[in-house]
Amino acid sequence: MTNLIEEVVDSRVFRNTIGLFATGVTVVAVEAEGEVYGMTANAVTSVSLEPMLVLVCVQKEAHLMSFLRQTDGFSINILSEQQQNLSSYFAHMWPHPEPPAFTFIPWLGGPRLEGAIGAIACRTREFLEGGDHWIVVGRVIGLYRAENPANPLLYYRGQYRRILAGR
């Protein structure tokens, strides 16, 4: 018989439970007023193939939200396991005074992060109410995949993780 742990549902227990679902790590980026703005996001998912739709969940108070509303597109840049520093930086958890090295390339929906293993260019389709987040739905207008992509950066139980070879 499996040991079961049942707990009262509250936000901390919910966060710990949903943290058992491993996710990839991305940087969502927009260009507004001639500047590039980015945010680390792991609440990203495909929605539909016909039409091709994706969504990203963005906290309502997030700095990026105002820029997402000003523009008609954005990019979702999939990070490799070597880009943990960029995830920390765009999550405002970078401990150093100078940012890590990175470059954004002008692209279809929004700027593409150079070195990302994949990217999705989107035209913003709608903003849906999602509690303390906005669910931003984008129509896919472009795709990028690295020719020989490195392993993705993963997030599990509140920590960055890596894929182990041969498992």
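The values are calculated or read from the model by the stated rules, or taken from the named source; none is laboratory data. This one's a predicted model, so the numbers in the text were calculated from it and none came from an experiment. Every residue, glycine among them, receives a Cβ derived from its backbone with ideal geometry; neighbour counts consider all protein chains shown.
Of everything in region 126-162 that is surrounded by fewer than 17 Cβ atoms within 10 Å (Cβ to Cβ), of a type in the set (D, E, K, R) and assigned to a strand (DSSP E or B), the residue that is modelled with the lowest pLDDT is 161.
Every residue, every condition in (1) modelled with pLDDT of 95 or more; (2) out of contact with any Leu (no Cβ under 8 Å at 6 or more places or on another chain); (3) more than 22 Å from residue 123 (Cβ to Cβ); (4) among the β-branched types (Val, Ile, Thr), yes or no:
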residue	(1), (2), (3), (4)
18	no, yes, yes, yes
23	no, no, yes, yes
47	yes, no, no, yes
75	yes, no, no, no
78	yes, yes, no, yes
89	yes, yes, yes, no
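I'd like to check something: does region 52-70 contain any residue that is out of contact with any strand residue (DSSP E or B) (no Cβ under 8 Å at 6 or more places or on another chain), farther than 24 Å from residue 142 by Cα and charged (D, E, K, R)? Yes, the conditions are met somewhere in region 52-70. Just to be sure, is residue 20 loosely packed, with under 13 Cβ neighbours inside 10 Å and either of a type in the set (Gly, Ala, Ser) or in contact (Cβ under 8 Å) with a residue 60 or more places away in the chain (or both)? Spelling it out, residue 20 is indeed loosely packed, with under 13 Cβ neighbours inside 10 Å and either of a type in the set (Gly, Ala, Ser) or in contact (Cβ under 8 Å) with a residue 60 or more places away in the chain (or both).
For residue 73, are the conditions met, namely being under 18 Å from residue 37 (Cβ atoms), in contact (Cβ under 8 Å) with a residue 12 or more places away in the chain and more than 14 Å from the chain's Cα centre (by Cα)? Answer is yes for this residue. Which of the residues spanning region 7-63 are in contact with a helix residue (DSSP H, G or I) (Cβ under 8 Å, 6 or more places away or on another chain), closer than 29 Å to residue 82 by Cα and part of a loop (DSSP other than H, G, I, E, B)? Residue satisfying the conditions is 25 alone. Going residue by residue through region 99-107, is there one that turns out to be part of a strand (DSSP E or B) and more than 17 Å from the chain's Cα centre (by Cα)? Checked region 99-107: at least one residue is part of a strand (DSSP E or B) and more than 17 Å from the chain's Cα centre (by Cα). The residue that is surrounded by the most Cβ atoms within 10 Å (Cβ to Cβ), among those in region 29-64 that are free of Cβ contacts under 8 Å to residues at least 60 places away in the same chain and β-branched (Val, Ile, Thr), is 40.
Among the numbered conditions (1) under 16 Å from the mean Cα position of the chain (by Cα); (2) surrounded by 15 or more Cβ atoms within 10 Å (Cβ to Cβ), the only one that residue 94 does not meet is (1). Could you tell me whether region 111-120 includes any residue that is closer than 23 Å to residue 32 by Cβ and in contact with a helix residue (DSSP H, G or I) (Cβ under 7 Å, 6 or more places away or on another chain)? Yes.
Identify, please: which residue in region 108-125 is part of a loop (DSSP other than H, G, I, E, B) and touching a residue at least 40 places away in the same chain (Cβ under 8 Å) and is, among those, nearest to the chain's Cα centre (by Cα)? Lay out the reasoning, then the answer.
Residues of region 108-125 part of a loop (DSSP other than H, G, I, E, B): 108-111, 114-117.
Filter again for touching a residue at least 40 places away in the same chain (Cβ under 8 Å), leaving 110-111, 116.
Numbers: 110: 14, 111: 14, 116: 12 Å.
The selected residue is 116.
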